[in-house]
Each structure stands twice: as structure tokens, then as C-alpha cells.
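*Asks:* First the structure, which I've put down as C-alpha cells, then a few questions once you've had a look.
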Amino acid sequence: MKTILNLSHYSGFILLIMVIMAAVFAGCSGGNKQAGADKDPWLWLEDIESEQSLDWVRAQNRVSDEAFRNQPLFDTLKDRFLNVFNDKDQVIYPVITGDYVYNLWQDEKNERGLWRRMPLADFIKSKGDWEVVLDLDILSAAENKKWVFDGAEWLAPDYRYCLLTLSDGGTDEGVIREFDAVVKNFVADGFYVSESKSSATWVDKDNIVVATDYGEGSMSTSGYPRIAKLWKRGSLINDATMIAETDTTDMGLFVYGIYAEGQQKVFISSKKSFYETDLYLLDSGSPRKIECPADANFYGLFGNYMLFYLQSDWVAGDVSHGSGSLVSFDLDSFLKGKLSVETIYMPDAKSSFVSLLSTKDFIVVATMENVQSRLKTFRIKDGAWTSSEVPVPGFGTISLIASSDRSNDYFFDFSNPVTPSTLYYGNNTDIREIKKQKSYFNAEGLLVEQYEATSKDGTVIPYFIVHKSNFELNGKNPTLLYGYGGFNVPEQPYYSSVTGIGWLEQGGVYVIANIRGGGEFGPSWHKSALKENRQNAYDDFFAVSEDLLNRKITSPDYLGAFGWSNGGLLAGVALTQRPDLYKAIVVGAPLLDMKRYSKLLAGASWMAEFGNPDIPEEWAYISKYSPYQNVTKDKEYPEPFFITSTKDDRVHPGHARKMAAKMSDMGHPVFYHETIEGGHGAASTNAQQADMWALIYTYLNTKLKHD
């Protein structure tokens, strides 16, 4: 459920995998009862927009508002954050579409944003003017909506028409509308898909494939479409031809198109579970199954080669391709009845694949070695792949941004916690700096180091620490520990203006824990914290916490923890299992009631990660860490700060609501803040982002800087 909050302002840390995961993690509305659920006195808080629930929310918000908004630090941080977010001299991260670069721009005058473009050639030369294609603020005012831009699916090769997705207030549900980028308006009587967690792609100008809510029985228990149809222009969507369906208990269907080698190829992803997928190619109007491992991650096309990141070994013919490797799959050969698979990149025990981009003549692959970024290009000749190293700037994090299959142009971002994000242009192994973000906070005297802790079972857990070079090992350094540990997503050290202003510049120490469950060392690192092994991730987090104490960097009176989404669950477990370690804990957009999580919104889709609480054997291990079931009246807890959004239709706000209510009823003091708008990120505009982060960092500075 990973959500990288406020990517453009945090560091430009835009990862392709996050775009893919954003579609996969979406959910539907929920709140169904289950056996025994009526014993929960706080179940009514799952009714998201009832007056009773919202009255409770408003009362809780007043408490946190009175505690933090009246402090001078709050106004200072909010103003500085907003100035950063609205800075007109920010690094602009491109989306390459045909001969253009597209970008969504938000500032104080354009809260919802300007969707705009510039010729790619001009962008590379760092010159030229932006042309506004769609003003989201004008559109929102005209339609009485709070539209948030959620991406465009283009019709190639002309790239004039697109299927534009907009959500009201930042929810995962959105509407899909056909848009003409030449006349800069929606197509009259064009394709329109009503609000749902839909996916759609072009077959040709007059036909699209749509997976959406077609009415009763068309959605899975995870809240995703389970039916995909071929819809012809001019006809009604309900008259579209069904081409694929999956069981109600499966996760759902997702469709997407890739234009390559002069052809539009439509893929249908039938997800049996979060990590098990049947992949189909639409071939002559019918789905044809691709013979690949169900747990392989499809990363797009390079020419006619499908690219897969393997989560387990794949024996293709007489050759075994190892778990964690990147491989190519010759689609043309497969369609002719021959299986041809080649290894592109195979990591060792301390390295892993992160992401890739495809250009006309090669692919660009970002990898990690001991959680530090590397970059390579790969070319294929006579069926064999060869690599070349790209000379990246040094220690830090690389985020692949955009590429063009019409040329060998590509862009990537580089940063580390004390080096502002820098956009680089590349062509083969030649790179040059396009734009370096200004320093938004004073990083003078800050060091970034990598340490290791030993977890309960002896596993070595690396972590990054950012601190002043002259800090004293006296146990009194205010320290904030961040973790995630799930869904095969790695955490890397990158530049964050928010963390810099709100914490580092205030004298704090910042720590990123590379715990199991993430993807820092490939699939095995992730699998070692799945289901019955989930406690490993939490033990890793506690091991890093204890290592910080043992090194005299900090002590429990000065140590805080922070997590969001799945990381919010981590923060909740830290709160309930090891309250002795922390003075402050930010529990953001969290999963907390693990008995009911699979009944709420997208929860059923995550059972491959956590397990099924309705199966007694699986509830036996889930119940041992589920925060909502393990908070007790007779323990002493740090005073947590719960953050969520009424509009979060991915992780139900009832998790945070019920936990806060239960703790308060037991006599434990808590802080709680719920935004009305914002979806899973709890904010949609720059002003909302600034306000939320100012609340969070005022809380942290108040609780941890108490000398």
C-alpha cells in the first residue's frame, strides 16, 4: 500500500513502480460486519461520512488544532513548506509523450494544477515556453468538483487523443474522459467511464478496452473490476463486448496498452492475488495467455521483448533464470510457438533490481548495491544482452523518470539526504545535468552514514542516519526513525525538503530503516516478512531502534517513529509492542484493526501480504501483532499522532478512528487529525500538504525536543 507522499516536493523521487503500484493498491468502499464484529463498541466509526462519525472527527481535530496550531513553530513551518511547494524555480519532472514533454504544475494560483506541455527538444535544451493544455482549477470551478489529475492513456502514434483520469478530491476512484490535446478540450460524445476504480486503454481510435464497475456482480471482493469489455465508439458501454472476467474472490482485472514496433498491444492482467497474476495479450480480439510465472512482475516492452522481474526461479526450456533477475521474453517467438527467455541482469546477495526505462536502442536499469543506487544500460545483439555502466554522481538515490522509444533520450533524478534533487538527461552512457533544485534547508555540517543492526534472529539490518557532524553521543539527540517494510518496496536515502526543514534544520537526527518486507535485497528480503513471518519486519525495526540507543545516539525520551500506510501499521505495532522505546509516534493512513482489514475497502487484496484473518490458523499469527487487538488499559504508551483522511478510499479511515477512540476510552492520551480531502495521501493541494506536514513536525518537535 505504499504511497510516496508529495513526490514533487519531497525530492522529485518519482518511481515507475509507484505509478504501477498506485493502480494495484486501490480499493472500494467497505465496512461490512463479520461474526463477532458487533462486540466492537467503536464499529460505528467505520461509517465514513455519518454525522455521528464526523462529529467525533471534528472534536478530535479540535484537540490537535489547539495543541499545535497555536505554536509559533507551526506557522513558521507551514509558511516555509508552502513556499517550497509553490516555488516557481523547482525542478520540473517530465513525462515524455510523442514529441512533447508533459507536466502538471501546481502553485498558489493553480491549486489543482495546470496540465501543460513543451516540445521535448526544447526541454532537453532547457529553453522554450510551456503551453497550457488543461487548467484543472477552471475545470473544477465549472463542474463544481475538486478535480485531481490522475494520468492519461494516449492513443499512439499521433498522441492527439487520450483517456484522461480525474478524481474528485484525490480518491482512488476516478472518471475517465476522452480528451483532445489539439483543441484542448474533452471530445464531444467521446468515451466516458463513470466514477470507479477503472482502467482503460486504446485498441484503436474507435475501440477501447475497459475494466470498470458494470453493475451488480461486476466487482471483486477486493473492490476492483472483475470484468473487461471491448467498447466501440458510438455504442453504450453496457452493450460493450465482454472479453475477460475473473472470479469475484480474485483481486481483479487491470488493462493497459503499450505501443511498440508500430503496433498497439493490449495486455490484460488477471490478478488472482496481490502476487499472483495471469497475464494475457489481446490477440485478434481474444485474450491469449502469456506463459510466464504467475509471480513475475511485468515491466513493459523493449521492441518485441517483454521484460520481467522474477520473484522466483523460472525454468524456461533447459535454462533456469534465478529469483531476483531481470529477463527478456521474446513475444514474437512465443506467438509462433517457441519460448525464448534470456537473463538481462542477475543480482548477488547484496544487490537488487529497482526499475527500468526503455529507449529506442537500449534499456536503462536502476539497481542497488547494499541499498545504494547504480545505473546501467543494456543492449541485445544476436540474442545476448550486454551492459555498460552509467557514471552516476556518487552516493545517493537514483529515480528513473522518463524515456522515449522514438529516440535514446531518457531522464533520471539523483539525490541524497543532503544533496538536492538533480534532474539528469541521458543518451546511452553520456549524461548531463539539466536542473538542480535549490537547497531548501541548511544542510551545512550534516553527514549521511550507513550503519547496521542485528535483528532478533541474527539477520543484519542496514540503516541510514543523517546527523550533524559534531553531535554528541549523549543519548539526548532528538531522533526520528522512519520505516515501511512491505510489498517488496525498497526505502532509499533521498533529499526531502520537508524532512530537512521540519526536522534536520531543527537539530534532529533522521534515520531510515531498511527492514525486511521491503525490496532492498530482492524477493527473498520481501518474502522473509510475509504472513506468518511478519513479525520479522517489526523485530528489525526494534533492532534499529535499540542500536540507536546502544550507540548513545538517542534514548527513549528522545526517539520518535514514523510510518504511513503499511508503514502506519508498523508504527502501530511499535506503539503497542514496544512503547518503552519511543516518546512520539506518527501513525499515518494506517492499517490497525487486522481482524477486519480484509473487510474494509481494498483490504482483501492484501491478504497475500498479511494473511486471511478469517482463517483461524492465520489469525493466530496476525492476532499477535494487530495493534487494535493488542492495545491495553494497563500499559503506558507514548502519546501518538494518528493521521488519516475521510476521502481515503484505499485504507479505511476507520482504522485510525477506532484505534484513537479505543485508546482515549482507556485513558491513554492521543492526538488525531483527519482531513476531509486528499485520499490516501491526506492532501491534494500544496496548501493542504503544507498544513498537514506542519502539524506532523510541530508534534514531533514538541514531543522530542523537550530540553
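What follows draws every value from the coordinates through simple rules; no lab data is involved. Predicted, not measured: the structure shown is a model, and the values here were computed from it. Here the Cβ is made from the backbone with ideal geometry for all residues, glycine too, and neighbour counts use every protein chain on show.
*Asks:* Between 0 and 90 degrees, rounded to the nearest ten: what's the tilt of helix 535-550 against the longest Cα principal axis of the chain?
*Replies:* 50 degrees
*Asks:* Largest first and in whole Å, what are the equivalent-ellipsoid semi-axes of the range 587-707 based on the Cα gyration tensor, each being the root of 5 times an eigenvalue?
*Replies:* 26, 20, 11
*Asks:* Assign one of three labels to the range 385-510, namely rounded, prolate or oblate, based on the Cα gyration tensor with a ≥ b ≥ c the square roots of its eigenvalues; rounded applies when a/c is under 1.5, prolate when it is not and a/b is larger than b/c, and oblate otherwise.
*Replies:* Taking the square roots of the gyration eigenvalues as a ≥ b ≥ c, the range 385-510 is oblate.
*Asks:* Once the Cα atoms of helix 566-577 and of the chain are each reduced to a long axis, what angle between those two axes, in degrees from 0 to 90 to the nearest 10, is obtained?
*Replies:* Compared with the principal axis, the helix lies near 20 degrees.
*Asks:* Considering the values (1) -0.27, -0.54, -1.09, -1.28; (2) -0.22, -0.45, -0.98, -1.23; (3) -0.57, -0.82, -1.15, -1.24, which represents log10 I(q)/I(0) by the Debye sum over Cα atoms at q = 0.05, 0.07, 0.10, 0.11 Å⁻¹ as calculated for the structure under consideration?
*Replies:* Here log10 I(q)/I(0) by the Debye sum over Cα atoms at q = 0.05, 0.07, 0.10, 0.11 Å⁻¹ agrees with entry (2).
*Asks:* Name the residue from PRO669, THR241, ILE431 whose Cα lies farthest towards the positive end of the charge dipole of the chain, charges +1 on Cβ of Lys and Arg and -1 on Cβ of Asp and Glu.
*Replies:* Of the listed residues, the answer is ILE431.
*Asks:* Right, something else. Translational diffusion coefficient of the range 297-433 at 37 °C, 0.692 mPa s, Stokes-Einstein with Kirkwood Rh over Cα pairs, in µm²/s as a whole number.
*Replies:* 211 µm²/s
*Asks:* All other residues with a Cβ under 10 Å from the Cβ of ASP239 taken together, and with Lys, Arg as +1 and Asp, Glu as -1, what is their net charge?
*Replies:* Once positives and negatives cancel, what remains is +2.
*Asks:* A further question follows. For the chain, with only Lys/Arg (+1) and Asp/Glu (-1) charged at the beta-carbon, what is the dipole magnitude about the Cα centre, in debye rounded to 20?
*Replies:* That gives the chain a dipole magnitude of about 640 debye.
*Asks:* What size of dipole, in debye to the nearest 20, comes out for the range 241-363 about its Cα centre when the only charges are +1 on Lys and Arg C-beta atoms and -1 on Asp and Glu C-beta atoms?
*Replies:* 220 debye
*Asks:* Let me ask you something else. Putting +1 on Lys and Arg Cβ atoms and -1 on Asp and Glu Cβ atoms, find which of TYR214, ALA141, GLY128 reaches farthest to the positive end of the dipole of the range 105-224.
*Replies:* Of the candidates, GLY128 comes out farthest on the positive side.
*Asks:* Also, quick follow-up: Could you sort out which of LYS88/LYS583; LYS272/LYS376; LYS456/LYS635; LYS39/LYS635; LYS336/LYS360 sit more than 28 Å apart by Cα distance in this structure?
*Replies:* LYS88/LYS583; LYS272/LYS376
*Asks:* In the range 177-240, which GluC sites (Glu not before Pro) fall in coil by DSSP and have 15 or fewer other Cβ atoms within 10 Å?
*Replies:* Answer in residue order: GLU216.
*Asks:* Another question about this same structure. Could you tell me the center-to-center distance, by alpha carbons, between the range 485-540 and the range 632-707 in angstrom?
*Replies:* Result: 20 Å between the Cα centres.
*Asks:* While we're on this one: Identify the chymotrypsin sites (Phe, Trp or Tyr not before Pro) of the range 535-596 meeting these criteria: DSSP loop state and at most 11 other C-beta atoms within 10 Å of the C-beta.
*Replies:* Here no loop site has a sparse enough neighbourhood.
*Asks:* Please report the net charge: other residues with Cβ closer than 14 Å to the Cβ of GLY317, K and R +1, D and E -1.
*Replies:* Its environment carries a net charge of -4.
*Asks:* Rounded if a/c is under 1.5, else prolate if a/b is larger than b/c, else oblate: which is the range 313-389, with a ≥ b ≥ c the root eigenvalues of its Cα gyration tensor?
*Replies:* Verdict is oblate for the range 313-389.
*Asks:* Give me the angle, in degrees from 0 to 90, between the Cα long axis of helix 72-85 and the longest principal axis of the Cα atoms of the chain, rounded to the nearest 10.
*Replies:* Computed tilt is about 10 degrees.
*Asks:* Mind running the shape call on the range 37-179? Use the C-alpha gyration tensor, a ≥ b ≥ c as the square roots of the eigenvalues: rounded below 1.5 for a/c, prolate if a/b tops b/c, oblate otherwise.
*Replies:* Taking the square roots of the gyration eigenvalues as a ≥ b ≥ c, the range 37-179 is oblate.
*Asks:* Dipole of the chain (Lys/Arg Cβ +1, Asp/Glu Cβ -1, origin at the Cα centre): which of GLN263, THR499, LEU601 lies farthest to the positive side?
*Replies:* Farthest towards the positive pole: THR499.
*Asks:* Under 8 Å for C-alpha pairs, at least 6 residues apart: give me the relative contact order for the range 295-425, rounded to a whole percent. If you can, show how the numbers build up before the last one.
*Replies:* Numbers: 289 pairs, mean separation 19.1, N = 131.
Relative contact order comes out at 15 percent.
*Asks:* While we're looking at this one, here's another question. When the helix-only estimate is applied to the chain (DSSP H runs of n ≥ 4, each -39,500 (n - 2.57), divided by the residue count), what is the mean residue ellipticity at 222 nm, nearest 500 deg cm²/dmol?
*Replies:* -6000 deg cm²/dmol
*Asks:* Could I ask something else about it? Mind checking which aspartates and glutamates have their C-alpha under 12 Å from LYS435, skipping anything on the same chain fewer than 8 residues away?
*Replies:* By straight Cα distance, LYS435 reaches ASP89, ASP413.
*Asks:* Restricting attention to the range 196-227, which trypsin sites (Lys or Arg not before Pro) occupy a DSSP loop and are surrounded by at most 11 other Cβ atoms within 10 Å?
*Replies:* Those satisfying the criteria are LYS205.
*Asks:* Which entries of LYS438/LYS705; LYS350/LYS527; LYS436/LYS705 have Cα-Cα distances beyond 22 Å here?
*Replies:* Result: LYS438/LYS705; LYS436/LYS705 exceed 22 Å.
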